Amino acid sequence: MGNIKWDEFFITGDPLILGAQVSIALTMLGVLFGLTYLKKWKWIWREWITTVDHKRIGIMYIIAAILMFFRGGIDGLLMKAQTSRPEMGLLSSQHYNEIFTTHGVIMILFMAMPFLIGLMNVVIPLQIGARDVAFPQLNALSFWLFFSGAMLFNISFVIGGSPDAGWTSYFPLAGKEFSPSIANNYYAIALQIAGIGTLMTGINFIVTILKMRTKGMTLMRMPMFTWTALVTSGIIVAAFPIFTVALALMKFDRLFGTHFFTVSSGGSDMLWANLFWLWGHPEVYIVALPAFGIFSEVIATFSRKQLFGYKSMVYATVGIALLSMVVWVHHFYTMGSGPGVNSFFSLTTMLIAVPTGIKIFNWLFTMRKGRIKLSSAMLWALAFIPTFTIGGVTGVMLAMGAADFQYHNTLFLVAHFHYVLIPGVVFAVFAGLYYWWPKMFGHMLNERLGKWHFWLFNIGFNVTFMPMFFLGLNGAVRRSYTYSAESGFAPLFLLSAIGSVILAAGFAVFCYNIYWSIRYADRNISSDPWDARTLEWATASPVQHYNFAKLPEVKSFDAFWQMKKNNEGLTLKDSEIEEIHMPSNSGQPFMMCVIFGVVGFFLVFEWFIPAAIASVGIIVGLIYRSFDYNDGYHIPVEEISKTESTWRNEKGEVHKHVG
Amino acid sequence: MSANVNTSLPLEYQTHQSRMNILGFWIFLGAEIVLFATLFAVYAVLYQNYAGGPTHQDIIMIKEVMIQTLLLLTSSFTCGLAIYEMRRNNVKGLISWLVITLLLGAGFLFMEINEFIHYIHEGATMQTSAFLSSFFVLLGTHGAHVTLGIGWAIIVIIQLIKRGLTPVTARKIFIIGLYWHFLDVVWIFIFTFVYLKGMVG
């Protein structure tokens with residue numbers, strides 16, 4: 001069966017990996033023991049694992065993303081430690097290859113994506129005045145498939161070996177000929193499973209946003225975050241199937257000996273590069289656009305002004321989405337496409353700077369003459385604008401096909417995309433978490449710790465990645481596990497490594513902030529603590545599971561702000577309460593997660609017969625779902641009025657903050 | 001949600017949840033179009049890379065393929081008749097036409113599998129050349145979709161027999177109809193760009 005030797009099943013002989021194995025085992029034991037000791041098994045099954053509530057699914061996405069941030073961050077720190085001095089011996093070249101590969105995959109697909117999809121899950125139905133997404137159980141399945149893929153990918157480094165061909169996994173390197181071990185199978189299969197979940201999320205959110213908006217919520221009255229989520233979902237549906245095919249063909253090449261990307265028998269390795277980036281470039285915007293949406297919400301709220309140039313913002317978002325589909329070749333100008341093709345893609349790439357620039361100016365004009373409140377969330381948005389602009393401008397430098405021959409595969413590129421993705425995504429996620437935390441949990445994150453988190457992370461980020469621009473211009477290549485002392489790179493590499501420690505300290509403060517706030521933060525807060533503008537703040541914090549007792553009616557943009565201003569639609573009379581229909585919980589998505597994980601694991605090891613047997617489970621799960629006619633349940637009026645009275649004080653407490 | 005039933009619409013469109021399901025499925029078909037478009041693009045890149053192995057003219061059995069095409073196109077027509085009977089509230093007619101549709105689909109599948117076996121006996125396997133890799137995966141993906149469609153339709157027919165024509169079963173039938181027609185459209189492209197174009201070199 002397969003081609004793995006049993007003594008290679010567990011990775012042995014590396015003290016770092018041994019440490020990881022021990023800590024994974026201890027953590028798992030700890031979780032199992034903790035759940036048993038606290039008698040929480042039933043609770044976690046009923047309230048979380050089987051939930052179809054979009055808010056809880058969103059929170060699970062966010063928890064998973066924080067864990068993955070930790071894992072990917074450790075990878076980053078190891079790389080920085082390895083390159084902190086010339087000729088370091090901390091990591092072998094093979095180990096370094098594995099670590100930059102998993103760092104990239106995890107940070108993009110298992111950190112950035114779930115963070116943003118998590119926030120979308122929590123916020124979007126609330127912002128459009130809906131009680132859930134269009135397909136709640138499918139939503140749970142999306143999460144569990146993502147989780148299955150993420151876990152499968154993460155066990156690779158202790159069982160069987162990590163993928164080591166880079167997050168782009170270019171052929172022929174990633175093919176069987178040059179990577180004969182099963183390690184790269186993890187890449188193909190884990191991403192495939194997670195990708196199915198993402199595609200379902202895309203479909204779910206398009207239908208939710210198109211079909212479930214509350215009365216009066218026209219498309220051009222939707223909050224900016226909802227708009228970006230809609231456009232992102234569109235890109236997901238248009239781009240992810242390409243990746244699905246690319247990964248499937250990769251599997252065929254690796255598992256069944258076909259010749260799509262091989263050098264021999266007529267295959268084309270450049271075909272992989274094209275397919276990968278046909279998905280990979282839009283993927284950048286899949287994560288960047290919702291982030292822009294978050295900044296739009298945060299900046300408008302904390303400037304106490306309506307978002308400047310809303311319409312142009314919407315058109316710019318759509319424009320970026322369209323352009324994102326026609327720029328993919330700029331990732332491989334040097335691979336022989338020729339000057340004509342390169343020029344075309346240089347142009348399209350530079351064009352993206354136009355709608356992005358419109359957005360930057362809109363944010364600046366939103367703040368102009370606003371009453372800016374420097375909350376933690378707003379600080380992230382403020383820091384985003386200059387740092388992201390550096391990322392954008394260096395992006396235009398890279399976009400020039402001829403000049404790119406100089407920058408290609410150097411640390412200049414690495415610095416560029418970290419300057420895009422960290423301010424453009426991670427800052428946004430932090431801003432979003434500080435902003436929506438009270439909506440999710442009914443208490444705020446500590447603002448003082450938030451400032452420590454902000455400053456450490458920001459300074460650390462700039463000290464880590466700014467030197468990499470200059471290293472790259474001096475000729476330091478990416479993905480190289482070491483360099484000589486004569487190269488003269490040592491001082492900047494050391495500076496960068498020091499920066500990464502500060503960055504990590506910032507993240508540690510964030511984790512501590514979560515812990516501190518859960519334990520000590522004031523629970524007695526308003527449901528609208530920021531005096532915000534959109535509908536998610538028109539209901540309780542944390543949000544009751546049916547979201548709105550009475551669906552709000554929207555009369556203008558910034559609906560909740562206008563409701564507060566005109567003092568209408570804020571109160572609830574007992575006579576207005578009606579029964580609410582809600583979907584039932586289901587264990588099926590979680591079971592599918594387990595089955596997909598098992599099938600994926602067998603396929604990784606090329607054990608086809610067990611995989612075939614296990615995949616019968618997938619069919620059974622689908623049939624079970626088809627015959628499931630559970631139509632949900634109704635929440636009785638008494639229960640709703642009881643829940644509502646706990647957060648609406650005498651006159652409806654949303655009144656308190658009217659500005 | 002199950003509320004707000006609009007009885008002026010066809011059965012499958014009457015509830016809000018059904019309307020959302022149908023829209024969601026259309027979007028899913030959009031994703032399927034991208035999926036097949038990618039496979040066609042791969043085929044377009046690799047279709048002349050014979051690597052010394054058999055070419056189109058060496059292997060294609062155009063007569064059998066012609067019959068497959070007729071079977072599948074007819075099944076699309078009978079599927080349309082099934083939906084027509086559903087609109088007329090004729091459950092018996094609906095089930096009959098669905099069963100005929102599936103039999104035609106199974107006939108198509110049977111012939112396709114035979115065709116593949118024949119190719120493999122002639123030494124034209126997935127591993128032979130890039131052309132054959134892309135050929136088998138493109139056609140195999142379509143065939144796998146047809147297989148899945150048959151299994152899925154059987155499950156829904158069982159529900160139809162058990163529950164009769166309700167807004168939910170009607171919606172499920174309607175969605176399978178969309179899926180079935182989609183597979184037909186994909187086949188037309190395969191027939192044109194793989195078989196016919198392959199025959200003329």
Set of region B:95-117 residues, backbone N closer than 14 Å to the point 7 Å along the Cα-Cβ line of B:Ile161: B:95-100
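For chain B, calculate the relative contact order in percent as a whole number, restricting contacts to Cα pairs under 8 Å that are 6 or more residues apart.
Values: 199 pairs, mean separation 64.0, N = 201.
Relative contact order here is 32 percent.
By Kyte-Doolittle mean hydropathy of at least 1.0 and Cα axial length of at least 30 Å, which whole DSSP H helices of chain B are selected? If you can, show how the numbers build up before the last one.
On the way: long enough: B:16-46 (45 Å, 1.38); B:62-87 (38 Å, 0.90); B:91-121 (44 Å, 1.29); B:130-163 (49 Å, 1.43); B:167-190 (35 Å, 1.33).
Those that clear 30 Å and a mean of 1.0 are B:16-46, B:91-121, B:130-163, B:167-190.
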Karplus-derived HN-Hα couplings along region A:575-587 (A = 6.51, B = -1.76, C = 1.60, θ = phi - 60°), whole Hz, x at Gly and Pro: 5, 7, 7, 10, 4, 10, 8, 10, x, 7, 5, 8, x
Candidates B:Val45, B:Val186, B:Val146, ranked by Gaussian network fluctuation over chain B, Cα under 10 Å, top entry: B:Val45
Note, ³J(HN,Hα) from phi for region A:131-138, Karplus 6.51, -1.76, 1.60, rounded to Hz, x at Gly and Pro: 9, 6, 7, 5, 10, x, 6, 4
Region A:339-432: trypsin sites (Lys or Arg not before Pro) in DSSP loop, at most 16 other beta carbons within 10 Å: A:Arg368, A:Lys369, A:Arg371, A:Lys373
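Based on the Cβ-Cβ distance of A:Asp14 and A:Ile623, what FRET efficiency does E = 1/(1 + (r/R0)^6) give at R0 = 45 Å, to the nearest 0.05? Provide the component values of the computation, followed by the final result.
Details: r = 44 Å, r/R0 = 0.98.
Taking R0 as 45 Å, the efficiency between A:Asp14 and A:Ile623 is 0.55.
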Three-way shape label, the protein assembly as shown, alpha-carbon gyration tensor, a/c 1.5: oblate
Accessible area buried at the A-B interface, both sides summed, 1.4 Å probe (Å², nearest 100): 3100
Given charges at beta-carbon only (K, R positive; D, E negative), |dipole| of chain B in Debye: 860
Between 0 and 90°, nearest 10: helix A:269-303 axis offset from chain A longest Cα axis: 30
Angle between chain A longest axis and helix A:447-473 axis [Cα atoms, degrees, rounded to 10]: 30
Gain upon complete extension [A:Thr218, A:Met335; 0.36 nm per residue less C-alpha separation]: 37.5 nm
Computed FRET value (nearest 0.05) for B:Ile62 with A:Ala403, which takes r as the C-beta separation and R₀ as 45 Å: 0.30
Shielding by other protein chains, A:197-203, mean Cβ within 10 Å: 3
Accessible-area value, A:Tyr512, 1.4 Å probe, nucleic acids and ligands omitted, Å²: 110
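Kindly identify region A:424-574 as rounded, prolate or oblate by the Cα gyration tensor criterion: order the square roots of the eigenvalues as a ≥ b ≥ c, call it rounded if a/c is under 1.5, otherwise compare a/b with b/c, prolate if a/b is larger, else oblate. Numbers along the way, then the final one.
Working: a/c = 4.17, a/b = 2.61, b/c = 1.60.
Prolate shape, in that a/c is at least 1.5 and a/b is the bigger ratio.
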Placed amide H near A:Thr410: partners under 5 Å, 5+ positions off or other chain: A:Arg478
Distance in nm between pseudo-label sites at A:Cys511 and B:Asn90 (7 Å out along the Cβ direction from Cα): 6.8
Zone of A:Ser641's modelled label, taken as backbone nitrogen in region A:553-575 under 16 Å from a point 7 Å along Cα→Cβ: A:572-575
Protection proxy ranking, peptides B:174-184, B:86-96, A:514-524, average beta carbon neighbours within 10 Å, highest first: B:174-184, B:86-96, A:514-524
Furthest towards positive pole of dipole, A:Met68, A:Trp6, A:Val598, structure part region A:6-647, Cβ charges: A:Met68
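Ranking request for peptides A:62-69, B:148-155, A:428-435, A:336-343: highest mean number of other beta-carbon atoms within 10 Å first, then the rest in descending order. Spell out each step's value before the answer.
Values: A:62-69: 20.1, B:148-155: 16.8, A:428-435: 26.9, A:336-343: 13.0.
Highest to lowest by the protection proxy: A:428-435, A:62-69, B:148-155, A:336-343.
Using helices alone, I'd like the mean residue ellipticity at 222 nm for chain B: each DSSP H run of four-plus residues gives -39500 (n - 2.57), total over residue count, nearest 500.
-26500 deg cm²/dmol
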Charge-dipole axis of region A:6-647 as Lys and Arg at +1 and Asp and Glu at -1 on Cβ define it, positive-most pick from A:Ala300, A:Val414, A:Tyr37: A:Ala300
Average other protein chain Cβ within 10 Å of Cβ, residues B:27-35: 6
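What ranking, highest mean first, results for peptides A:579-590, A:113-124 when packing means the other Cβ atoms within 10 Å averaged over each residue? List each step's numbers first, then the result.
Values: A:579-590: 18.6, A:113-124: 27.9.
Going by the mean number of other Cβ atoms within 10 Å, highest first, we get A:113-124, A:579-590.
The values are calculated or read from the model by the stated rules, or taken from the named source; none is laboratory data. Not measured: the values here are computed from a predicted model. We place every Cβ from the backbone using ideal geometry, glycine too, and count neighbours over all the protein chains shown. Each accessible area value is taken on the protein alone, full model and side chains, heavy atoms only, with ligands, DNA and RNA left out. Shrake-Rupley method; radii C 1.70, N 1.55, O 1.52, S 1.80 Å.
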